[in-house]
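Below is one structure, written out as structure tokens; comments come after it.
The values are calculated or read from the model by the stated rules, or taken from the named source; none is laboratory data. This structure is a prediction, so every number in the text was calculated from the model and none was measured. Cβ placement follows ideal geometry from the backbone for every residue including glycine, while neighbour counts extend to all protein chains displayed. Just the protein is used for accessible areas: all its heavy atoms, side chains included, with ligands, DNA and RNA removed. Shrake-Rupley method; radii C 1.70, N 1.55, O 1.52, S 1.80 Å.
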Amino acid sequence: MAAHVVPPRVYFLIFGSLMVLTALTVGVAFIDLKVMNTVVALTIAVVKATLVVLFFMHVKYSTRLTWVVAASGIVWLAIMFSITFADYLSRGWVNAAQ
Amino acid sequence: MSETVHADAQHAHHPALQHHFDSLEQQAEASTLGMWVFLATEIMFFGGLFLTYSIYRMWYPLAFHEGSHHLDITLGAVNTGVLICSSLTMAMAVHAAQVGSRRGQIRFLILTILLGGVFLGIKAVEYAEKFRDHLIPGHHFQWHGEANPRNVEIFYTLYFTMTGLHALHMIVGIGVMLVILWMAYRNRFSPQYYSPVEVSGLYWHFVDIIWIFLFPLLYLIGRHG
């Protein structure tokens, strides 16, 4: 198989980054940033997930087709969230107009 | 006749090569792609729960804040570390397969399974505490905070549904790893053929990613203030 063999050094580097980011997200949670707490926590989670997908799951070294399929999951998720929230968030507007 | 002989010679090339694939590369690519399609459906499976969480949290922010505050942040953080360690050992197991190290595969797969077991053990301790504190949604649910108990109950329903489904995925993952460990023990993998290790690794890392999102959303939102 002509697959890319990722050197263990890279895996350990990603592992270290994930651990640091975990400590960071726990630390930030104790500081009151109002609504930004959730934004920061989710941003750190997205960065961690991206590191896992690109390196541990080898997507960085995969074919374009794998990229598209992996990204499609996120696209469908985004559609589900957008349409559902377009409904829930706009319900008050309709009542206010009446 | 000569064509048949030629074809047989090609198929005899590697015992793991299925007849409907041209090469091991194509076969590996198809396996990986198939797993990613499955993972895309898994994103939607958990996505529905994350969406439900988002809507209820928008409606009952105080209940979610108080409910989250009661969760054990130390156990949650330790479990996050345990899962990240298991992802590292899983990645190293795939690496061992790529370089043809049977010993490495066995060692790292056992470590991965053990770390998965530690995660589930800690989760069991947490569930037992919630049981003791009457936080299991249902008739005996009790809440003595400022928030409406019915709304905190929704937080705990989501907590148990999401972490329970995640734990179920972990149990399935450990089962898969036991099969892969058995195959590695039987020396079934080589640098030319290790798709089962790679593909089950993708599943394991995916379950790790779900936890990466569950941890802040369930444990961290009630810390400040």
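Key figures
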{"item": "Residues located in segment B:211-225, provided they are under 18 Å from the mean Cα position of the chain (by Cα) and open to solvent by 10 Å² or more (accessible area, probe 1.4 Å)", "result": "B:Phe213, B:Leu217"}
{"item": "Condition broken by A:Ala29, with the remaining ones in (1) farther than 17 Å from B:Cys85 by Cα; (2) among the small types (Gly, Ala, Ser); (3) open to solvent by 50 Å² or more (accessible area, probe 1.4 Å) satisfied", "result": "(3)"}
{"item": "Criterion: modelled with pLDDT under 95 and either at the interface with another protein chain (Cβ under 10 Å from one of its Cβ atoms) or closer than 27 Å to A:Val59 by Cα (or both) - qualifying residue of B:Asp22, B:Asp8", "result": "B:Asp22"}
{"item": "Filtered residues of segment B:145-169 (kept if of a type outside the set (A, V, I, L, M, F, W, C) and outside any loop (DSSP other than H, G, I, E, B))", "result": "B:Pro149, B:Arg150, B:Asn151, B:Glu153, B:Tyr156, B:Thr157, B:Tyr159, B:Thr161, B:Thr163, B:Gly164, B:His166, B:His169"}
{"item": "Set B:Pro216, B:Pro149: member being of a type outside the set (Lys, Arg) and in contact with a helix residue (DSSP H, G or I) (Cβ under 7 Å, 6 or more places away or on another chain)", "result": "B:Pro216"}
{"item": "B:Leu75 being more than 25 Å from B:Val197 (Cβ to Cβ) and either touching a His at 6+ places or on another chain (Cβ under 6 Å) or not acidic (Asp, Glu) (or both)", "result": "yes"}
{"item": "Pair list, Cβ < 8 Å and 6+ apart or interchain, from segment B:179-201 residues that are among the charged types (D, E, K, R) to residues that are in a helix (DSSP H, G or I)", "result": "B:Arg188/B:Pro196; B:Glu198/B:Ala28; B:Glu198/B:Ser31; B:Glu198/B:Thr32; B:Glu198/B:Val94; B:Glu198/B:Ala97"}
{"item": "Among (1) basic (Lys, Arg); (2) open to solvent by less than 30 Å² (accessible area, probe 1.4 Å); (3) farther than 18 Å from B:Glu66 by Cα - the single one B:Arg102 does not satisfy", "result": "(2)"}
{"item": "Total residues in segment B:22-33, condition in contact (Cβ under 8 Å) with a residue 12 or more places away in the chain and under 20 Å from the mean Cα position of the chain (by Cα)", "result": "2"}
{"item": "Check on A:Thr38, farther than 25 Å from B:Met92 by Cβ and not charged (D, E, K, R)", "result": "yes"}
{"item": "Qualifying residue in segment B:88-97 (condition: more than 14 Å from chain A (Cβ to nearest Cβ) and either open to solvent by less than 40 Å² (accessible area, probe 1.4 Å) or more than 23 Å from B:Leu165 (Cβ to Cβ) (or both))", "result": "no"}
{"item": "Which numbered condition B:Gln142 fails, given (1) open to solvent by 40 Å² or more (accessible area, probe 1.4 Å); (2) assigned to a helix (DSSP H, G or I)", "result": "(2)"}
{"item": "Qualifying position, being of a type in the set (Gly, Ala, Ser) and under 17 Å from A:Val20 (Cβ atoms), among A:Ala45, A:Ala70, A:Ala78", "result": "A:Ala45"}
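Results for (1) in contact (Cβ under 8 Å) with a residue 24 or more places away in the chain; (2) more than 9 Å from chain B (Cβ to nearest Cβ); (3) surrounded by 16 or more Cβ atoms within 10 Å (Cβ to Cβ); (4) out of contact with any strand residue (DSSP E or B) (no Cβ under 6 Å at 6 or more places or on another chain), shown as yes or no for each residue.
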site	(1), (2), (3), (4)
A:Ile44	no, no, yes, yes
A:Ala49	no, no, yes, yes
A:Val52	yes, no, yes, yes
A:Tyr61	yes, yes, no, yes
A:Val69	no, no, yes, yes
